[in-house]
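In what follows, a structure is listed as structure tokens, so that the remarks can point back to it.
Every number here is computed from the coordinates shown, using simple stated rules; none is lab data. Worth saying up front: this structure is predicted, and the values here are computed from it rather than measured. FYI the Cβ positions are ideal-geometry reconstructions off the backbone, even for glycines, and counts take in every protein chain you see.
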Amino acid sequence: MDKNIDNAKKLLKNIYKSPNSYYTVSNIKEILNEKKFIELKFNESWKLEKGKNYYFVENDSSIFIFKVGKNCENLKNGIKIIAAHTDSPGLKIKPHHVIESSKKQYKLNVEVYGGPILNTWFDRPLSISGRVIIKNDNKLESKLVDLKKPMFIIPNLAIHLENKDKNVNPQIDLQPIFPMENTKENENMESYVLELIASNLKLKKENIVDFDLYLYEYGEGTFIGENNEYISSSRLDNLESVYGALEGFLQTDTETNTNILAFFDNEEIGSNTKEGANSSTLKYIIERIYFNFSENHDDYYIMLSNSILISADGAHAYHPNYSEKYDPINRSYLNEGVSLKYNSNKRYTTDSYTASIIKEICNKNQIKLQNYVNRSDQRGGSTLGPYLSANLMIKSVDLGVPMLAMHSIRELSGTKDYTYFIKLIKYFLDNF
């Protein structure tokens, strides 16, 4: 089988298992547990060993994975970090979440998470997934739930009733509807939805204390093109970076380097949470790794100075219908390689030194690489990179797989580019 297709099929399966950040972390934990990684708890002592592999989970939605190199006495030579985010823009269910309509038709009360392209959520079969907190023997426990069934939909208004362009009002237009033919008169429908969740978890609805639940498009991603040239899926931003980085990390051959994967939640809403990149979590993890093997504080700062970070997030690919939206010559194209992202105002962390490191790796290993810079009259987005580079005082580069329709419920990327990305991560961790 074509390696590009094989890698992309594996990606699509993992994305399907990861309808939100909670399930992304849960799926990654399963992969790591099969490979005998050891889970650590932050409220317990860490007794790390050379050559062993570990991971740590924060708030069920971010995960930090690392291999302790066999030459960990020389950590002052630096460590390598890949950072990405587990969350994607979408719709979150409010605490009081059922609005009665008429004729046994009900609406789900939701709010917007991050910056999705709102009109792409119309006319899609939707399901619910996320985390619930339950009370069990007077203790609070976290459980994941996924209804795995198309239960809801947000129908468009017919063109005959609204025949001009209309701005989407999230409170009015984005309420998914669902039918309930078997409801009894005066039945509490909010209780009914909780019953669905409780039934899925095989517990009583009275045990549910609270929840973090999200809608997602029900169904798997797919290939586009006669030869499967494109990948079409929800949540390519940023699960393509997450699972590509994990794949490259697991393929590394080195037993001497200490490498870290840092997969944060809440990038889409600013990263200002304990599980987000603008927290002290990664800093504390690096400290705990280092001071397990050394007590020399001066060498700790030397280690940071010698370390380097890749901030991995999707890049904007060139859209042939909107050529005026792009820089005339600094463009990225589907299936033409990983994209280095530059910004003079440091919304991306790439500089000439860190870009040169990536270019050398790509040149030596036949990895296609291209540049992306916004038009000079566009501000553009940002990434985890600026937070992490500033908080750790560490060298950093921003790069990612080019994609179209970023923040749509269905995004599009090049099949070849995912393999290029995996190779880049592997050789960065192995040989640089």
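Of note:
- When Rg and the Kirkwood Rh are both derived from Cα coordinates, the Rg/Rh ratio for the range 223-290 amounts to 1.10.
- Cβ-based charge dipole, the chain, positive-most Cα from Asn156, Leu213, Leu429: Leu429
- The Stokes-Einstein estimate for the range 283-359, based on a Kirkwood radius over Cα pairs and taken at 25 °C with 0.890 mPa s viscosity, is a diffusion coefficient of 156 µm²/s.
- Principal axis dimensions, largest first and in whole angstrom, of the range 27-78 by Cα: 32, 24, 18
- Length-normalised contact order of the chain in % [C-alpha pairs under 8 Å, at least 6 apart]: 22
- Our helix-only sum for the chain, with -39,500 (n - 2.57) per DSSP H run of n ≥ 4 divided by its residues, gives a mean residue ellipticity at 222 nm of -8500 deg cm²/dmol.
- Distance violations [Cα-Cα > 29 Å] among Lys36/Lys204; Lys149/Lys416; Lys10/Lys80; Lys104/Lys139; Lys3/Lys67; Lys92/Lys202: Lys36/Lys204; Lys149/Lys416; Lys104/Lys139
- Between the Cα long axis of helix 189-201 and the first principal axis of the chain there is an angle of about 50°, rounded to the nearest 10.
- Between the range 23-88 and the range 320-363, the alpha-carbon center distance in angstrom: 29
- Taking every C-alpha pair closer than 8 Å and separated by at least 6 residues, the mean separation divided by the residue count of the range 33-177 gives a relative contact order of 16 percent.
- By the beta-carbon count within 10 Å of each Cβ, the least crowded to most crowded order of Val57, Val338, fewest first, is Val57, Val338.
- Quarter the surface of the alpha carbon convex hull of the chain and you get the mean projected area, 23.7 square nanometres.
- Inverse mean reciprocal Cα-Cα distance (Kirkwood Rh) of the range 90-217, Å: 15.8
- Point-to-point label distance, Glu255-Asn321, nm (Cα→Cβ direction, 7 Å offset): 5.4
- Only Lys, Arg (+1) and Asp, Glu (-1) charged, at Cβ; the chain dipole about Cα centre in debye: 400
- Rg/Rh ratio calculated on Cα atoms of the range 1-129 (Kirkwood radius): 1.10
- Distance between the 7 Å Cα→Cβ label points at Lys3 and Lys164: 5.6 nm.
- Relative to the globular-protein estimate of 2.2 N^0.38 Å, the Cα radius of gyration of the range 194-310 stands at 1.54.
- Nearest-20 debye value, the range 90-217 charge dipole, Cβ charges on Lys, Arg, Asp, Glu: 220
- Taking the C-alpha atoms only, the angle from helix 21-34 to the longest principal axis of the chain is near 50 degrees.
- Taking packing as the residue-averaged number of other Cβ atoms within 10 angstrom, the listed peptides 383-392, 14-23 run from highest to lowest as 14-23, 383-392.
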